[in-house]
């Protein structure tokens, strides 16, 4: 899986872009209160993490600079983070050491991890595996490494945002820029705006079908909006756009006991 076209491209892209994410990683490691997605929704409004994680074996799939792993460690979990970018992991390991967080970081692909079956009780991805890995590979892999009763939470681009994203990589519009049916692989390597990386998304029905076929039970689904008086454009979506249409989606899944 590490040798797939999208894995090679995303590894290259994130090794190249890693310096751009050091400062935000440092800020998030310091922040005691998790906040999520491009709009920074606080965990008490969008509870991706339980307050008490003592004793849980937790894994972050596509950990980047590792701040989500850090938040879980502060809540008492025994944490492992996996990422395919060596440069991102270098930052994650440095910050974990600076914050005295006992986290195991693994260089690898969330589509085919080196972990044993049923190795974890909780798995999470915030714009890691959630968008950079093929869901037809990483969702079954998450199932495999979760113990019965284990939970998977992930935050990704909403398919509505994807269908309104121009083919040149520029800011989302109020038009339908691409078909909704058949959404899967979005190749940004040759676009005019911020070229690089291959992402994945799917129609809502396709997600539900995949979860059902793999065996996951959907506990909840959320479509977070911008909070407060934010009015700028973040990445490819303006706050005004995201107050009218969903830019992000969060899935809360459970592997039945």
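All Cα-Cα separations within segment 23-76 were binned at 5 Å from zero, giving a P(r) of 4, 19, 31, 29, 14, 2, 0, each value a whole percent of the pairs.
Compare 204, 131, 103 in a GNM of the chain, Cα atoms joined below 10 Å, and give the one with the largest fluctuation. Largest GNM mean-square fluctuation: 204. In terms of overall dimensions, the C-alpha atoms belonging to the chain reach 47, 40, 39 Å along their principal axes, ordered largest to smallest.
Projecting the alpha carbon convex hull of segment 120-247 along each direction and taking the average yields 8.3 nm².
List the relative contact order of segment 5-254 as a percent without decimals, with contacts defined as Cα pairs under 8 Å and 6+ residues apart.
Working: 498 pairs, mean separation 44.6, N = 250.
Once normalised by length, the contact order is 18 percent.
Taking 19 Å as the cut-off, the amide N atoms of segment 115-146 that come nearer than this to a point 7 Å along the Cα-to-beta-carbon line of residue 16 belong to 132-133. Once the Cα-Cα distance is subtracted from the 0.36 nm per residue extended length, the residue 43 to residue 227 segment shows a gain of 65.0 nm.
Separation of segment 233-253 from segment 5-23 is 23 Å, based on Cα centroids.
Laboratory data are not the source of any read-out in this text; all were calculated from the coordinates shown. Keep in mind it's a predicted model, so treat the numbers as computed, not measured. Counting neighbours? That spans all protein chains shown, and the Cβs are built from the backbone with ideal geometry, glycine included.
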